[in-house]
């Protein structure tokens with residue numbers, strides 16, 4: 001199957017820079033599950049937007065990941081020196097496979113984005129992991145920066161027995177997706193949910209008669225990681241242009257604000273089809 005209210009803390013960019021960022025990133029917002037989760041944020045600014053990638057990732061000398069981090073609670077790994085740049089985001093990926101039997105695992109990261117998550121999982125768990133994303137620019141970037149891994153713009157889901165959805169839960173609502181998954185496939189989901197999307201997701205799992213092996217509220221751990229991230233961004237990336245670091249910081253601040261006001265929560269699910 002081919003996968004297809006203003007925030008007062010946003011004050012570090014000039015008004016002109018903010019207007020330009022928001023005009024680019026708000027113009028193409030679509031009314032779907034993903035956008036419904038970020039709609040209360042003013043403006044719509046998120047890590048999945050192609051314009052964010054073009055302006056602040058593609059030709060910049062850093063390698064961010066498209067998640068908001070997770071405080072290191074039970075990580076059995078000591079992060080390598082090259083992974084100390086984004087420790088919370090690295091840990092969030094490592095957490096996906098905690099306590100999962102990886103014997104004979106064939107793993108696909110669905111919505112692999114900029115590709116680093118696949119590389120992290122392969123290196124630390126020593127397992128085969130591929131990535132798929134419908135954005136061809138993301139895939140080309142991933143192939144260039146992590147040439148030892150496989151990244152695709154489409155994939156046969158039935159060829160894999162573990163599917164990862166890191167901040168890509170919205171893909172699970174695509175028509176016929178579950179018909180493309182082999183029986184007894186493990187679905188590992190980590191994403192932020194509004195009350196409405198949480199209910200929609202749980203109803204979908206019940207309708208499909210899948211077995212929910214784990215449901216965990218990771219909101220507090222994510223908020224702690226985000227706070228640490230925000231406090232150290234400028235120090236960690238003092239060689240990156242300040243407006244780029246500030247824009248990334250604003251993304252984190254917006255999402256943290258949504259957690260703080262109770263608009264959304266971060267959950268991890270492990271589901272057996």
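Derivation of every value follows stated rules applied to the coordinates shown; laboratory data play no part. Not measured: the values here are computed from a predicted model. For neighbour counting, all protein chains shown are included, and Cβ atoms are generated from backbone atoms with ideal geometry for every residue, glycine included.
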Q. In nm, what is the difference between 0.36 nm times the number of residues separating residue 100 and residue 203 and their Cα-Cα distance?
A. 34.6 nm
Q: Quickly rank 161-170, 207-216, 47-56 as a protection proxy: mean count of other C-beta atoms within 10 Å, highest first.
A: 161-170, 47-56, 207-216
**Q.** Projected-area mean, the range 162-226, by convex hull of Cα positions, square nanometres
**A.** 4.8 nm²
Q.
Considering all projection directions equally, how large on average is the shadow of the alpha-carbon convex hull of the range 124-264, in square nanometres?
A. 10.7 nm²
Q | Cα shape, the range 82-135, gyration tensor, a/c 1.5 rule | A | oblate
Q: Give me the number: length gained by fully extending residue 238 to residue 156, i.e. 0.36 nm times residue separation minus the C-alpha to C-alpha distance, one decimal in nm.
A: 25.3 nm
Q: Figure the gain on full extension for residue 272 and residue 231 (residue separation times 0.36 nm, minus the Cα-Cα span) and round it to one decimal in nm.
A: 11.0 nm
**Q.** For the range 159-218 and the range 53-99, distance of Cα centres in Å
**A.** 22 Å
Q) How far apart, in nm, are two points set 7 Å out from the Cα along the Cα-to-Cβ line at residue 60 and at residue 84? A) 2.2 nm
(Q) Let me check against my output: what whole-number percent is the relative contact order of the range 123-273, with C-alpha pairs under 8 Å and at least 6 apart? (A) 28 percent
Q | Order of 114, 62, 86 - criterion: other Cβ atoms within 10 Å of each residue's Cβ, fewest first | A | 62, 86, 114
